[in-house]
Amino acid sequence: MGAFVHSLLARPFYQYNGTVVAEYDLHLLPFNRVKGQEWPQLPGLLACTPPKRCARGRENDYAIIYLTLAGSTPFTSGEYNQVISQLAERFYQQPGSLTAAVRTTVDILNQFLVERNMKASGTGQYQAGRLIFAVLRGSQFVIAQSGPTHAFHLKAGEVVQIHDDQMSGRGLGFGQMTPLHFTQVALHPGDQLILCSQLPSGWQPALQADKGPIGMEATRRKLLAASEDDLNAVLIQAVAGKGQLNVLQAMKPAVEMPVAQPVSRPGSGPIPPQSRPASRFARLVAGREEPAGEAAAQSGMPPGSPPSAAVQPSQTMPPAQRPPGGGRFVAPRSTSDLPEIERQARAPRLRLQRRGIFRGLARSLHGLRTFGERLSEGLGRFLPRLLPGAEGNGQALRVFMTIVAIAVPLVVVVLAGTVYVRIGKQSQYEQNYQLAVQSAVGAIGQSDMAVVRHAWESCLFYLDRADGYQLTTESQSLRREAQAALDGLDGIIRLDFRQVVGALSDTVQVSRMVATEDALFLLNSTRGNVMHALMTNQGFEVDPYFKCEPGTYNGIQVGTLIDLAALPAINLRNADVLAMDANGTLLYCTVGSEPAAVPLVPPELGWRGVSGFTLDIDGRNLYLLDPPGNAVWVYTGNLGEFTDLPMIFFGEYVPHDMGSVIDLAANGDDLYLLFQDGHVTVCTLSRLDVARTRCSDPATFIDERPGHQPGLVITDAIFSQMTFASPPDPSLYLLEPLTQAVYRFNPHTDSLTLQAQFRATVDQVRTQFRSPAVAMAISPNRAIFLCVGNKIYYAGAVP
């Protein structure tokens, strides 16, 4: 558990003016081999940086779109470029969270393909798509997969395969629900990623054989030699930088070729060439173009906004259609199909106002220039009379006149510039502020919560622009009102966090935390030790004398600690915290005393790989996570002692993809497993007959917020940690790192009901919470601790 979380969120973000900026450059090397012929470019691959004008939340998202289309007609490189350019433009027009923007964008393409396939039913013509939509934000790389695609993360000494047939489905164009599988990984310098729509034979064993980092060219040669199949893939390498995306070529460009051969279905003849238009994508969007202003209004952008700077397609895709309910996958919330908010006519008044301003400004400039000319002429006549001997000193007079000739225009320019800036900024502020007010008015009296959300998001958009020219109490008051309305829609409760532990050393990377009533314990993944912070009158102070680290204790060797848990107040060793190393050795740590080491009794066949553990909320049972062995082992305890042989938790049924479990929590015999893509599985142990242990795999998230539906994941979150609060109200808390949010759920054996999410105030997020949250802890009195960057923050008891 601790090791997985550290690998997921170990590296901080770089910041600029309070926003997260990219920490790496990415080099992309495509593989495109067809019938033994290698081609330098890969149709369907697009890397794009954020345009200057994009929707809120997209400013720091660097997108990589990798699309493979297959069907009964071929696609040329140009047609591929049209499709992916449309996707990129739609993505940067979607406001809100990253996952919601990706879901909405991909859903547009899926619904589009579904409609085409339904209309062509019985003709033998069809289209299907496999998609990997990846986004770099800071040092985090979020991967969304649709279809049986594969991804590999190559890092120092480890290769992680990212693939889930059940969650990513068959691909796009098969049904109304859009299957997407989200994964989030942390990048480090030199890391490599491999994306492929179909895994070539020989690649998986070749990649798994890597024992250490190798160069990009060496990886390319190895993969080319490992398989003789046709290749369609992308190799990516991360290097230190600020968001440059470079698509490399391994050979000189060749002529364009069809990249997908026609596929004939049984009983269907070949498709006549004359029945197909020259452009495949032109056929897909024929008759479906929408005006630019309408598209901008639907996406939350102001009318008249230019297309994204990343792409300039000549046609646009149709607005997303909301799929019907039902099924296991949930349609994402979309604002792209909302009507434009009515605004009062303002152009004539603004034009007259501006015309009057600039006429006055022109008259002022003309008057100043005339005054300067007359002043120079007058001084030229007057000074020779005023200054004795000036008639004979023509050189001095010419110098003086030259200075006057230069100084007067400079004064005129400075005065004119000052007047223009003041008047121009005031005019721009007034214009955007009035648009924000009109958007807010559009939310009043609306019964459709999607329209209300769109109105308040538009209000914030215009306030951001207005504040760029001038800050006023009116705009700040309206901003608070708009933010409070959106928080209400999203179930967000804002808490006042304050820093309680001074900035930790750069050598400390906190991966886990546990809190007691008067103390806080931090797992430092850099050294593999536990730190103790004691509550004082000035907050929490790190105890330099606390010892809980690797070493030899009572003759037992303890390695790097990977996880920790708070012990019940009453335990046989009077210890404060319990930690564990990767060999299953427990370390009981007590403030002011030497630690005690106790190795757990391994099962008969041993463990395959211990990654973490947890105690249930009463501290009676210890659950040990062994992902490589597809197992969780249960140790029954007695006052904090776990000396018996373990029992296997799972019987005949084992949850799918146990290798991607990143955290676990337990409440009695109910075990909750958190997976890398954000879904949760709930299993209930049968102690009398393990074979009768039952699981909800995955459990359903009950999300009653407007615009949301029950589903396998929370659409606007990818969780990284979870923990139970202490009785009598054992709520389950999950951490969303990118938004620094703590979600609270009411747990059941088959579902999790969302109750609220807790976040810092908007001002704190902008000025202090500039890095992802890497760890959380919930104290017995429901206080929340967050580790953001290398600082620890505290908020009092949550409501």
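The values are calculated or read from the model by the stated rules, or taken from the named source; none is laboratory data. Because the structure is predicted, anything quoted here is derived from the model rather than measured. Don't worry about glycine lacking a Cβ; one is built from the backbone with ideal geometry, like all the others, and counts go over all protein chains shown. Ligands, DNA and RNA are excluded from the accessible area calculation, which covers all protein heavy atoms including side chains. Shrake-Rupley method; radii C 1.70, N 1.55, O 1.52, S 1.80 Å.
Descriptive notes on the structure:
- When we screen Gly619, Gly637 for residues that are open to solvent by 20 Å² or more (accessible area, probe 1.4 Å) and modelled with pLDDT under 95, the only hit is Gly637.
- Cross-chain or 6+ apart pairs with Cβ under 8 Å, region 424-448 first and more than 11 Å from Ala466 (Cβ to Cβ), then small (Gly, Ala, Ser) and open to solvent by 20 Å² or more (accessible area, probe 1.4 Å): Ala443/Ala485
- Yes/no for Gln434 being assigned to a helix (DSSP H, G or I) and either open to solvent by 30 Å² or more (accessible area, probe 1.4 Å) or among the acidic types (Asp, Glu) (or both): yes
- Those residues of region 704-744 which are in a strand (DSSP E or B) and in contact with a Pro (Cβ under 6 Å, 6 or more places away or on another chain), in sequence order: Phe724, Leu732
- Complete set of residues in region 571-585 that are small (Gly, Ala, Ser), in a loop (DSSP other than H, G, I, E, B) and open to solvent by less than 40 Å² (accessible area, probe 1.4 Å): Ala575, Gly584
- Residue tally, condition of a type in the set (Asp, Glu) and open to solvent by less than 10 Å² (accessible area, probe 1.4 Å), over region 648-676: 1
- Check on Phe141, crowded, with 23+ Cβ neighbours inside 10 Å, more than 13 Å from Leu67 (Cα to Cα) and of a type in the set (Phe, Trp, Tyr): yes
- When Met118 is tested against (1) of a type in the set (A, V, I, L, M, F, W, C); (2) open to solvent by 30 Å² or more (accessible area, probe 1.4 Å); (3) touching a residue at least 40 places away in the same chain (Cβ under 8 Å), only condition (3) is not met.
- From the options Ser686, Ser696, residue that is modelled with pLDDT of 90 or more, open to solvent by 10 Å² or more (accessible area, probe 1.4 Å) and over 26 Å from the mean Cα position of the chain (by Cα): Ser696
- Restricting attention to region 66-86, the residues that are over 18 Å from Phe174 (Cα atoms), among the β-branched types (Val, Ile, Thr) and at pLDDT below 85 add up to 1.
- Hey, Leu383 surrounded by fewer than 18 Cβ atoms within 10 Å (Cβ to Cβ) and modelled with pLDDT of 70 or more or not: no
- Residue match in region 726-733 (condition: in contact with a Ser or Thr (Cβ under 6 Å, 6 or more places away or on another chain), modelled with pLDDT of 90 or more and within 21 Å of Tyr793 (Cα to Cα)): yes
- Exactly one residue among Gln176, Gln184 is in contact (Cβ under 8 Å) with a residue 24 or more places away in the chain, open to solvent by less than 10 Å² (accessible area, probe 1.4 Å) and in contact with a helix residue (DSSP H, G or I) (Cβ under 7 Å, 6 or more places away or on another chain), and that residue is Gln184.
- Residues in region 453-476 that are in a helix (DSSP H, G or I), free of Cβ contacts under 8 Å to residues at least 40 places away in the same chain and farther than 20 Å from Arg53 by Cα were compared, and the one that is most open to solvent (accessible area, probe 1.4 Å) is Thr473.
- Counted residues, region 69-85 - those being touching a Leu at 6+ places or on another chain (Cβ under 8 Å) and open to solvent by less than 30 Å² (accessible area, probe 1.4 Å): 5
- Qualifying helices (runs of 4 or more DSSP H) (wholly inside region 190-291; at least 3 residues being at pLDDT 50 or above and in contact with a helix residue (DSSP H, G or I) (Cβ under 7 Å, 6 or more places away or on another chain)): 216-226
- On inspection, Phe152 qualifies as within 21 Å of the chain's Cα centre (by Cα) and crowded, with 21+ Cβ neighbours inside 10 Å.
- Entirely in region 492-570, the strands (runs of 3 or more DSSP E) that have 1 or more residues that are surrounded by fewer than 19 Cβ atoms within 10 Å (Cβ to Cβ): 492-495, 498-501, 529-536, 539-542, 551-553, 556-558
- Scan of region 213-245 for residues that are out of contact with any strand residue (DSSP E or B) (no Cβ under 8 Å at 6 or more places or on another chain) and either open to solvent by less than 30 Å² (accessible area, probe 1.4 Å) or aromatic (Phe, Trp, Tyr) (or both), ordered by number: Ser227
- The selection criterion, being at pLDDT 85 or above and surrounded by 18 or more Cβ atoms within 10 Å (Cβ to Cβ), holds for Tyr62.
- Hey, Glu89 over 16 Å from Gly147 (Cβ atoms), out of contact with any Leu (no Cβ under 6 Å at 6 or more places or on another chain), at pLDDT 90 or above and open to solvent by 10 Å² or more (accessible area, probe 1.4 Å) or not: yes
- Given (1) modelled with pLDDT under 90; (2) over 39 Å from the mean Cα position of the chain (by Cα), number of the condition Phe642 does not satisfy: (1)
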